[in-house]
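Structure first, commentary second.
Laboratory data are not the source of any read-out in this text; all were calculated from the coordinates shown. Remember, it's a predicted structure, so these values are computed and weren't measured experimentally. FYI the Cβ positions are ideal-geometry reconstructions off the backbone, even for glycines, and counts take in every protein chain you see.
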Amino acid sequence: MPKVSTENVHRWSQFADITGLTPDAPLQLSDLVALVRHPQGAFKNVPQGCRRVWFINRFSQCENAIAQSELLQPLQQHNVEAIWLGDIQEHPAIARRFVN
């Protein structure tokens, strides 16, 4: 997995507070799941009743290293309604979909 830093993570201080990661730490899927599940994370201020779709961009670069069961954890725990995997710069942009 890639390493995180202030150069490649938007809103670094919030990300670090939620995940507990420090600069140059390896990024794990569990860190992204924590970001999705946290009340101040990826879906902060999403109105009640809205669908939560988690799009993981450039996932094809690392999907062989991640267990599908770990990836689907937010769906199973009802944190999101769908997970889309893909690359926004490719056509089609969405390569795989998982829906709750």
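Summary table below
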item: Full-stretch length increase - V46, I88 - with 0.36 nm per residue and alpha-carbon distance subtracted; result: 12.9 nm
item: Local electrostatic count, P2, Cβ distance below 13 Å [Lys/Arg +1, Asp/Glu -1]; result: -1
item: Sum of -39500 (n - 2.57) over DSSP H runs of 4+, divided by residues of the chain (222 nm, nearest 500); result: -6000 deg cm²/dmol
item: Among [x] 58; [y] 46; [z] 42, the entry derived from the coordinates for percent of Cα pairs over 19 Å apart; result: [y]
item: Chain lengthening between N100 and S5 when straightened (0.36 nm per residue, less Cα-Cα); result: 31.0 nm
